[in-house]
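What follows is a short report on a single structure.
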Amino acid sequence: MKPKYTIAVTSLNNTDNPGAGVPVIRGLREAKSFDVRIIGLVYENLEPGIYMENVADKIYQIPYPSAGSDVFMERIEYIHSKENIDVIIPNFDAELFTFMKSEHVLKDMGIKTFLPTIKQFEERHKSELPEFGKKYGFDIPFSKTITNLSDIKNLQYEFNYPVLVKGKFYDAYLAYTPEQVIEFFNKISSKWGVPVIIQEFIKGTEVNVIALGDGKGNTIGSVPMRKQYITDKGKAWGGITLGDKNLMKITKDLIKKTKWKGGMELEFIKTQENKYYIIEINPRIPAWVYLAVGAGQNLPEALVKLALGENVEPFKSYDVGKMFVRYSQDIIADISVFEKLSMIGEL
């Protein structure tokens with residue numbers, strides 16, 4: 001008889017800027033080695049995963065990490081007292097630091113996580129990527145952080161246009177003029193704060209890799225993908241798995257050198273000269289994780305087993321040429337569901 005675990009998952013915002021929560025849950029429900037009871041942790045009461053069938057068994061609203069780690073952890077402790085959570089899988093960039101910093105508190109409660117160390121999290125920040133490349137020997141586009149509009153006039157001496165303008169958590173825009181840099185700086189900084197990152201634009205094809213490291217230098221699984229359809233937010237709305245040995249080599253080399261712990265997404269630009277530039281390292285499972293599950297690597301299942309201290313054998317292969325296509329669907333729900341979550345914070 002398979003064991004059954006209670007697993008809490010955040011980020012059920014399955015919109016045009018999707019979180020990974022819903023596809024992570026899909027992978028967990030297809031796990032072969034255990035059964036699950038899913039606790040959905042949501043920040044907003046209109047996150048679509050709340051209203052989707054066969055996603056969460058119970059929903060709890062949680063405060064944004066900006067409310068403070070004490071308030072945040074008090075809410076987690078309350079939920080744990082009701083649900084006896086075995087593992088939490090956070091999927092939202094802005095919450096990761098709070099979860100990592102509170103890892104020992106969660107452990108004392110009896111809740112397991114499998115997250116990067118704070119050092120790993122900090123050194124792969126977009127603003128730190130050039131130093132990361134130098135330290136570990138990877139090609140990274142030249143970039144610079146700016147904190148105010150007066151910095152923009154000097155960019156012409158260090159960059160050729162166009163340049164990428166990126167937020168510290170999310171959002172990236174291609175700017176062809178200083179005026180566009182100003183526009184995007186204001187847009188990003190009002191939403192995510194400063195610094196804003198200016199990155200050299202490398203011409204080529206964007207390719208991504210989802211991977212899972214065991215914290216000891218071993219790659220448990222990795223699947224590369226090329227986006228086939230991209231939204232105006234730069235998110236993959238369709239993609240296909242690739243058979244790229246160079247991508248696999250770079251990914252395994254990075255995990256070995258950094259001893260990466262947990263899920264990650266590597267974003268590359270592959271040039272016509274077959275040179276690979278790392279443009280972002282996201283320290284969590286990406287929203288297209290269900291493609292990896294469909295290609296033969298159930299990384300959410302493997303992550304839970306690692307969190308529980310089990311020995312996990314690395315995946316040996318995946319299916320090349322597997323595609324995913326997202327779609328939008330209207331969900332009909334009664335207003336009472338919305339009202340109940342709004343009033344008492346659980347459903």
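Quick note: the coordinates plus some simple rules give every number you see, no bench work behind them. Since this is a predicted model, take the numbers as computed values, not measurements. Cβ atoms come from the backbone with ideal geometry, glycine included; neighbour counts cover every protein chain shown.
Tabulated values for the structure
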read-out: Lys32 versus Met1: modelled label distance in nm, points set 7 Å from Cα along the beta carbon direction; value: 2.3 nm
read-out: Label point at Leu308 placed 7 Å out along Cα→Cβ; residues across segment 193-217 whose backbone nitrogen lies under 18 Å; value: 214
read-out: Over 29 Å between alpha carbons, listed pairs Lys101/Lys134; Lys112/Lys134; Lys112/Lys256; value: Lys112/Lys134
read-out: Cα-based reach from Lys58 at 13 Å (exclusive), listing aspartates and glutamates while leaving out same-chain residues under 8 positions away; value: Glu83, Glu346
read-out: Packing-based order for 88-99, 221-232, using average beta carbon neighbours within 10 Å, highest first; value: 88-99, 221-232
read-out: Equivalent ellipsoid, segment 75-180 (semi-axes from 5 times Cα gyration tensor eigenvalues, Å); value: 38, 16, 10
read-out: Degrees separating the helix 245-258 axis from the principal Cα axis of the chain, which is the longest one; value: 70 degrees
read-out: Environment charge of Leu212, counting only residues whose C-beta is closer than 15 Å and scoring Lys/Arg +1, Asp/Glu -1; value: +3
read-out: 3J(HN,Hα) from dihedral phi, segment 130-146, Karplus parametrisation 6.51/-1.76/1.60, rounded to Hz, x for glycine, proline; value: x, 5, 4, x, 5, 5, 10, x, 10, 7, 10, x, 4, 8, 8, 9, 10
read-out: Convex hull of segment 203-325 built on C-alpha atoms - directionally averaged projected area, nm²; value: 7.2 nm²
read-out: Total formal charge among the other residues, if their Cβ is under 10 angstrom from that of Asp16, Lys/Arg +1 and Asp/Glu -1; value: +2
read-out: Set of lysines with alpha-carbon distance to Lys227 below 23 Å, sequence-local pairs under 8 removed; value: Lys126, Lys166, Lys168, Lys203, Lys235, Lys245, Lys249, Lys252, Lys270, Lys275, Lys322
read-out: Mean ellipticity per residue at 222 nm, deg cm²/dmol - from DSSP H runs of n ≥ 4 across the chain, formula -39500 (n - 2.57); value: -9000 deg cm²/dmol
read-out: Share of pairwise Cα separations in segment 38-114, more than 17 Å, in percent; value: 43 percent
read-out: Residues Phe169 and Lys316, FRET efficiency given R0 of 30 Å [Cβ-Cβ distance, rounded to 0.05]; value: 0.30
read-out: Under 14 Å, Cβ to Cβ, from Glu265 - net charge with Lys/Arg +1 and Asp/Glu -1; value: +2
read-out: Gap separating the Cα centres of segment 162-204 and segment 97-147, nearest whole Å; value: 21 Å
read-out: Directionally averaged shadow of segment 142-199, computed from the convex hull of its alpha-carbon atoms, nm²; value: 3.2 nm²
read-out: Between segment 245-322 and segment 37-72, the Cα center-to-center distance that results, in Å; value: 26 Å
read-out: Sparsely packed GluC sites (Glu not before Pro) within segment 128-205, loop by DSSP, other Cβ within 10 Å at most 15; value: Glu158
read-out: Ranking of Leu341, Leu149, Leu115, Leu303 by count of other Cβ atoms within 10 Å, fewest first; value: Leu149, Leu341, Leu115, Leu303
